[in-house]
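Student: What follows is a single structure, and I will ask about it in a moment.
Readers should treat all values here as calculations from the given coordinates under stated rules, not as data from a laboratory. Bear in mind the structure is a predicted one, so any value in this text is a computation, not a measurement. Backbone-built Cβ (ideal geometry, glycine too); neighbour counts: all protein chains shown.
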Amino acid sequence: MDVTLIGNSPAVLTAGILLISKARSFGLPSPRVAIIGDPDQITPVEGPAVLHSHVLASCGVGRELSRGALVVVPGPPDAPLMVSFAKDGRSGWFQIDMAGGGLHPATQGLMRLSRDPRPVAREASRRLRRVLSGLGIPSEPALLDLLFAAPEPPLSRIALALRAARSLTGEEGSPMTRLLTPEHGVCPDPLPLGVTGEEVLARRADGRLEPLLGRVRVHARDALEEWLDDIAALAKEDGGRDLALLGALAELGGHLGMLPASSMLPPPDSAADTVATGIGAALGASVGERDASRSLVTIFRFLGGRFVTEARHPIRLMDAEPPAGRLERWQWFAQAVAESADAVDSLWRRVIDPAS
């Protein structure tokens, strides 16, 4: 049986690999699958990246042994790591830093405070880093970018950052709610998403922050108030240079403050948990094919697939053009792979087993 496919590279390569693999799993003669296009002109999709994808892992793309559907594609050590917590990487792509400076403004703010010549700034950074470490999130820029930038609800971001940190360090911090007073009545409302540091200081000045501050245990509230005083004083000196850090922390803390007594953070789903616990492997990945598209080409050819310049009756699959940006291209790639895999059964019935 001759099958010729045309479409964008991830869609046709995935379909070709799965068609040949399915025939072999049934003990049938392998179909002669061809793709219209030049393999040297395949759209590159370069790492570093980490995602959950059963299809890519089964095709040998970035597969981590004994890690199920975890896919880690290596890349340059100073390039941002592309991350998706969504199943099959269909959505929610963002990036975290691997060079040590941070990408999110809040991460960059903490890094600047740590190197600031002002003693008050360095002390404010030290106290914050000590608290984060005690709660189980060391102040690594990659983990902080995850905590502040992942496109997830605030409590889910905290849970994912804790899972990633635990996989990196092997250590568990204290429960997040240990600094909160028991609350059995109506919990305070959280701060709005995207709240700014300037707004946090304004709410503190006019008393609107009091319901949330009231959830903090007395011994911790004194230290928190001193830290807020230092941050406010520093902001007056430098024009609020690092208030993005205060806003990001307040957003997370405001959602923690609405938790009732003895509550737990929402557990990540299996795909997100797989990626979170694979962050450590992704941060250190340097060996292997750095182009996910090239890996698919290699597997396709290994299975006997061919590339041709034309065919009389090709089957057209998805043909959305690749975006230019790295984040957008990874989402385009992962979506095309997942959708092509979803369509393989109907394609099989159409070209291999029409009577089924």
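Student: So, R0 is 56 Å and r is the distance between the beta-carbons of Glu321 and Ser263; what FRET efficiency does that work out to, to 0.05? Present the calculation step by step, with values, prior to reporting the outcome.
Tutor: Numbers: r = 46 Å, r/R0 = 0.83.
The calculated FRET efficiency here is 0.75.
Student: Among Ser293, Gly280, Ala320, which residue has its Cα positioned farthest towards the positive end of the charge dipole of the range 280-356, with +1 placed on the Cβ of Lys and Arg, -1 on the Cβ of Asp and Glu, and the dipole taken about the Cα centre?
Tutor: Of the candidates, Ser293 comes out farthest on the positive side.
Student: Could I ask something else about it? Can you bin the range 185-243 into rounded, prolate or oblate? Criterion: square roots of the alpha carbon gyration tensor eigenvalues sorted a ≥ b ≥ c, rounded for a/c under 1.5, prolate for a/b above b/c, oblate for the rest.
Tutor: Numbers: a/c = 2.56, a/b = 1.42, b/c = 1.80.
In terms of gyration-tensor shape, oblate.
Student: Related question: When the helices in the chain are scored as -39500 (n - 2.57) per DSSP H run of 4 or longer and the sum is shared across all residues, what 222 nm value do you end up with, to the nearest 500 deg cm²/dmol?
Tutor: Computed ellipticity for the chain at 222 nm equals -15500 deg cm²/dmol.
Student: Right, something else. To the nearest Å, what is the center-to-center distance of the range 1-54 and the range 157-212, using C-alpha atoms only?
Tutor: When both Cα centres are located, 46 Å separates them.
Student: Please give, to one decimal in nm, the separation of the simple spin-label points placed at Ala220 and Glu328, each 7 Å out from Cα toward the Cβ.
Tutor: With each label placed 7 Å out from Cα toward Cβ, I get 4.2 nm.
Student: If the chain between Ala281 and Leu193 were fully stretched, how many nm would it gain, using 0.36 nm times the residue separation less the Cα-Cα distance? The partial results should precede the final answer.
Tutor: Numbers: separation 88, 0.36 × 88 = 31.68 nm, distance 3.07 nm.
Between Ala281 and Leu193, full extension yields an extra 28.6 nm.
Student: Of the beta bridges DSSP finds with both residues in the chain, what % are antiparallel, to the nearest 5?
Tutor: Antiparallel: roughly 50 percent of the beta bridges in the chain.
Student: For every other residue with a beta carbon closer than 15 angstrom to the beta carbon of Asp97, add +1 if it is Lys or Arg and -1 if Asp or Glu, then tell me the sum.
Tutor: Charge balance near Asp97 sits at -1.
Student: What is the spin-label model distance, in nm, from Arg32 to Ser114 if the labels are put 7 Å beyond Cα along the C-beta direction?
Tutor: Here the answer is 6.0 nm between the modelled labels.
Student: Next question, about the same structure. Quick check on packing: order 299-312, 278-291 by the mean number of other C-beta atoms within 10 Å, highest mean leading.
Tutor: Ranking the peptides 299-312, 278-291 by packing returns 278-291, 299-312.
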